[in-house]
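Asks: Take this structure first; my questions come after.
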Amino acid sequence: MLTDRQTELLIRPTASADLPAITRIYRHAVETGTASYELTPPDEEEMAARREALVRNSYPYLVAEEGGQVLGYAYAGPFRTRPAYRFMVEDSVYIAPHAQGQGIGRRLLTVLIEECERLGFRQVAAVIGDGSPSSPSVRLHEALGFRHTGVLEDSGYKHGRWLDTVFMQLSLNGGAATAPDPDSLPERMFRRGL
């Protein structure tokens, strides 16, 4: 948990009571933006199921709260389900429309990266819809050390236009320089058959 004393912004693990706010934030992103390639916003029940699938397996799922109001959320989940990918997670960060551009995404993503590192993951992937160079998400990930690793050109169609998907990646815990830590979350999950 992180408290920023200047703004009283609290970054903390999510709770089920946060789901209405999380659902509203994501609904707005789906309906008006291009960060998500979903076309129909999921309801609160679906968002709860998605959250539970991550939290149940100890993936980090965080919210940014100020004055009791959830202003954004971020989580990391499996990049792909095949077991060899187990050391790589994909991040997601969403900010309420009125709170964008205030550094909340950066604070959330910073804490999320720290959590992923603490859990023993080796790579964090960002799969960014509408990943133009001027995209706030691309700029955020660049600022936190992510490197560009690929583009799927014209891979999505939303709001009447074709969108590129940008892949970015950040190495953690020495990346591929050393063998996996047998006590890391990915290895413990693998031994449990997850």
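The values are calculated or read from the model by the stated rules, or taken from the named source; none is laboratory data. The structure displayed is predicted, hence computed values, not measured ones. All Cβ positions, glycine included, derive from the backbone under ideal geometry; neighbour counts span all protein chains shown. Surface areas here come from the heavy atoms of the whole protein model, side chains and all, with no ligands, DNA or RNA. Shrake-Rupley method; radii C 1.70, N 1.55, O 1.52, S 1.80 Å.
Asks: Given the conditions (1) touching a helix residue (DSSP H, G or I) at 6+ places or on another chain (Cβ under 6 Å); (2) free of Cβ contacts under 8 Å to residues at least 12 places away in the same chain, and given that A76 satisfies all but one, which numbered condition is not satisfied?
Replies: (2)
Asks: Just name the residue that is farthest from the chain's Cα centre (by Cα) out of those in the range 75-97 that are in a loop (DSSP other than H, G, I, E, B) and farther than 22 Å from A48 by Cβ.
Replies: If we filter the range 75-97 for residues that are in a loop (DSSP other than H, G, I, E, B), which is where we start, we get 79-82, 86-87, 96.
Those still in the list that are farther than 22 Å from A48 by Cβ too: 79-80, 82, 86-87.
Working: F79: 11, R80: 14, R82: 19, R86: 16, F87: 15 Å.
Ranking the candidates gives R82 first.
Asks: Turning to a different aspect of this structure: Is there a residue in the range 4-22 that is touching a Pro at 6+ places or on another chain (Cβ under 8 Å) and within 22 Å of S137 (Cβ to Cβ)? Reasoning before the result, please.
Replies: Narrowing the range 4-22 to residues touching a Pro at 6+ places or on another chain (Cβ under 8 Å): 13.
When the remaining residues are screened for being within 22 Å of S137 (Cβ to Cβ), the result is none.
Scanning the range 4-22, I find no residue that is touching a Pro at 6+ places or on another chain (Cβ under 8 Å) and within 22 Å of S137 (Cβ to Cβ), so the answer is no.
Asks: Pairs under 9 Å by beta carbon, first residue without any contact (Cβ under 8 Å) to a residue 40 or more places away in the chain in the range 133-144, partner assigned to a helix (DSSP H, G or I), six or more apart or different chains?
Replies: Taking only residues 6 or more apart or on different chains, the pairs are P133/R139; P136/G105; H141/L109; A143/R106; L144/R106; L144/L109; L144/T110; L144/I113.
Asks: I'd like to verify a number: residues in the range 5-54 that are touching a Leu at 6+ places or on another chain (Cβ under 8 Å), more than 28 Å from H159 (Cβ to Cβ) and either at pLDDT below 95 or open to solvent by less than 60 Å² (accessible area, probe 1.4 Å) (or both), how many?
Replies: Of the range 5-54, the ones touching a Leu at 6+ places or on another chain (Cβ under 8 Å) are 9-14, 30, 34, 37, 44, 47-48, 51.
Filter once more, so that each one left must be more than 28 Å from H159 (Cβ to Cβ): 9-14.
From what is left, the residues that are either at pLDDT below 95 or open to solvent by less than 60 Å² (accessible area, probe 1.4 Å) (or both) are 9-12, 14.
Within the range 5-54, residues that are touching a Leu at 6+ places or on another chain (Cβ under 8 Å), more than 28 Å from H159 (Cβ to Cβ) and either at pLDDT below 95 or open to solvent by less than 60 Å² (accessible area, probe 1.4 Å) (or both) number 5.
Asks: Could you count how many residues in the range 103-119 are surrounded by fewer than 18 Cβ atoms within 10 Å (Cβ to Cβ) and either basic (K, R) or modelled with pLDDT under 95 (or both)?
Replies: Residues in the range 103-119 being surrounded by fewer than 18 Cβ atoms within 10 Å (Cβ to Cβ) and either basic (K, R) or modelled with pLDDT under 95 (or both): 2 in total.
Asks: Residue check: is R122 open to solvent by 20 Å² or more (accessible area, probe 1.4 Å) and modelled with pLDDT under 95? It would help to see each step written out before you state the result.
Replies: On the way: open to solvent by 20 Å² or more (accessible area, probe 1.4 Å): yes; modelled with pLDDT under 95: no.
No: the conditions fail for R122.
Asks: Can you tell me which residues in the range 21-47 are hydrophobic (A, V, I, L, M, F, W, C) and within 19 Å of V63 (Cβ to Cβ)? Let's see the steps before the verdict.
Replies: Of all residues in the range 21-47, those hydrophobic (A, V, I, L, M, F, W, C) come to 21-22, 25, 29-30, 35, 39, 47.
Passing the criteria: A21, I22, I25, A29, V30, A35, M47.
Asks: Another question, if that's okay. Can you confirm whether the range 51-71 contains a residue that is more than 26 Å from G175 (Cα to Cα), of a type outside the set (A, V, I, L, M, F, W, C) and part of a helix (DSSP H, G or I)?
Replies: Yes - at least one qualifying residue is present in the range 51-71.
Asks: (1) in contact with a Ser or Thr (Cβ under 7 Å, 6 or more places away or on another chain); (2) open to solvent by 30 Å² or more (accessible area, probe 1.4 Å); (3) more than 24 Å from F190 (Cβ to Cβ); (4) of a type outside the set (S, T, Y): which one isn't true of Q100, the others all being true?
Replies: Checking Q100 against (1) in contact with a Ser or Thr (Cβ under 7 Å, 6 or more places away or on another chain); (2) open to solvent by 30 Å² or more (accessible area, probe 1.4 Å); (3) more than 24 Å from F190 (Cβ to Cβ); (4) of a type outside the set (S, T, Y), the one that fails is (1).
Asks: Of the numbered conditions (1) open to solvent by less than 30 Å² (accessible area, probe 1.4 Å); (2) in a loop (DSSP other than H, G, I, E, B), I128 fails exactly one; give the number of that condition.
Replies: Of everything listed in (1) open to solvent by less than 30 Å² (accessible area, probe 1.4 Å); (2) in a loop (DSSP other than H, G, I, E, B), I128 misses just condition (2).
Asks: For residues that are of a type in the set (D, E, K, R) and part of a strand (DSSP E or B), scanning just the range 140-176, find the one that is least open to solvent (accessible area, probe 1.4 Å). Spell out how you get there, then give the answer.
Replies: Step one: of the range 140-176, the residues of a type in the set (D, E, K, R) are 142, 147, 153-154, 158, 161, 164.
Now drop any that are not part of a strand (DSSP E or B), which leaves 147, 153-154, 158, 161, 164.
Values: R147: 109, E153: 140, D154: 92, K158: 8, R161: 104, D164: 57 Å².
The selected residue is K158.
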